[in-house]
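Here's the structure, in structure tokens; my notes come after.
The values are calculated or read from the model by the stated rules, or taken from the named source; none is laboratory data. Values in this document were obtained by computation on a predicted structure and should not be read as measured data. Cβ coordinates were reconstructed from backbone atoms using ideal geometry, including for glycine residues, and neighbour counts include every protein chain displayed. Accessible surface is based on the protein model in full, side chains and every heavy atom, while ligands, DNA and RNA are left aside. Shrake-Rupley method; radii C 1.70, N 1.55, O 1.52, S 1.80 Å.
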Amino acid sequence: FPVTIQKDIAIVQGSSVRIEFELRDEANAVLNMTGWDLRLQVRASYASTDKLINATLANGKLVWIDATLGKFAFVLLPTDTSSIRFPKDTPDVYECVYDMEVAAPVGNTHGTSKPWYGAFSIQREVTR
């Protein structure tokens, strides 16, 4: 089963983003994730009910590079972040949080795991 790792992410609002991930187990061996589902959400805080970014395989913001090797990418287009509204009292960096879930295919006993979580910083764009 995937190991849980804290990985902080920083992006620039209105820019293209591609971050690659590789799922590994406790022995550092790559995991075959064929048939598994992926989800990643960014929120202003852990208590927030609003999703600033909702990435899934279905919407193309998460894509398998090679599921047999547990490799995938988190991909954002400039339009995915340019519309994010910074709170009035927020400086030029919007400090948010994220986590990622992997869900086993039907019939697999592993269920759901959260292999990554952490801070998600969005640097305000100037040129729009």
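Sub-6 Å Cβ pairs linking a first residue in the stretch 105-122 that is without any contact (Cβ under 8 Å) to a residue 40 or more places away in the chain to a second residue that is surrounded by 11 or more Cβ atoms within 10 Å (Cβ to Cβ), at least 6 apart or interchain, are Gly111/Ala104; Thr112/Glu101; Thr112/Ala103, ordered by first then second residue. Among the residues of the stretch 102-127, which ones are open to solvent by 30 Å² or more (accessible area, probe 1.4 Å), among the polar types (S, T, N, Q) and closer than 12 Å to Trp36 by Cβ? Correct list: Asn108, Thr112. Being farther than 24 Å from Gln6 by Cβ, surrounded by 13 or more Cβ atoms within 10 Å (Cβ to Cβ), among the aliphatic types (A, V, I, L, M) and in contact with a strand residue (DSSP E or B) (Cβ under 9 Å, 6 or more places away or on another chain) is a description that applies to Leu77. Looking only at residues of the stretch 12-41 that are among the hydrophobic types (A, V, I, L, M, F, W, C), surrounded by fewer than 18 Cβ atoms within 10 Å (Cβ to Cβ) and in a loop (DSSP other than H, G, I, E, B), we find that the one that is nearest to the chain's Cα centre (by Cα) is Ala29.
Taking (1) under 20 Å from Glu20 (Cβ atoms); (2) at pLDDT below 95 in turn, Ser83 satisfies each apart from (1).
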